[in-house]
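**Student:** Submitted below is the structure of interest, expressed as structure tokens.
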Amino acid sequence: QVQLVQSGPEFKRPGASVKVSCKASGTTNTMYYIHWMRQAPGQGLEWMGWIDTNNGDTNYPQNFQGLITFTWDTSVSTAFLELSSQMPDDTAFYFCASGGLYDFWTRYYAFDYWGKGTLVTVSS
Amino acid sequence: QSALTQPASVSGSPGQSITISCTGTTRNIGTYNLVSWYRQRPGEAPKLILYEVNKRPSGVSDRFSGSKSGNTASLTISGLQAEDEADYHCCTYAGSTTSFGTGTKVTVL
């Protein structure tokens, strides 16, 4: 079992950056990737990419490239999502998640472990 | 813009069965069985209920079943219960990209 604990809510002015954390505990040696998703109020989930907890490799979809940065601190088993130049339409819950329990491919789309989400509010 | 299209809402009475569709393309659902489904209750994180189209993780009720035809995957909930009222999201992986559906709100009448 893996537990993912995320940092608390954030309030930011437009143009500011924000860093959200996701601390993993439990059988973290079974983790492969930490994925990040966001969910605007009343909307569906949007995939933001992943970081490989074994070597730090990252994968960002094109629409987020240059706007977000994933890091993984092995010493504290914590993943970080940094969002730059936030705008009001970036207001959303940001979730970290991990999977890969069943076969190779499930690390990419079947997420058994989720953080509770971090609300980031961007407003002037 | 989501790569996967779901109906905005589906409703049913207790005990009935409902089906939620998730329509993709030949580049994702039409070619690969890498489809998962999540249930998300208000104020909670999503919970995995199906993967690889129709496989249930341990502990998930057998009232949840999945199927696929062409570019469309489907989630069926049998014996609808009040506790099934939630948002449901499909998800797929193809071409180095993970994609979620637009989400479906299930209402138990």
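The values are calculated or read from the model by the stated rules, or taken from the named source; none is laboratory data. In this text, all values refer to a predicted model and were calculated from it rather than measured experimentally. We place every Cβ from the backbone using ideal geometry, glycine too, and count neighbours over all the protein chains shown.
**Student:** Tell me which residues, restricted to segment B:78-109, are more than 14 Å from chain A (Cβ to nearest Cβ) and polar (S, T, N, Q).
**Tutor:** Residues satisfying the conditions are B:Ser78, B:Gln81, B:Thr107.
**Student:** Something else about it: Can you list residue pairs whose Cβ atoms sit under 6 Å apart, with the first residue in segment B:29-50 being more than 8 Å from chain A (Cβ to nearest Cβ) and the second being at pLDDT below 95? Count only pairs 6 or more apart in sequence or on different chains.
**Tutor:** B:Tyr32/B:Ala94
**Student:** List the number of the failed condition for B:Ser58; all other conditions in (1) away from every other protein chain (no Cβ under 11 Å); (2) of a type in the set (S, T, N, Q); (3) under 23 Å from A:Lys116 (Cβ atoms) hold.
**Tutor:** (1)
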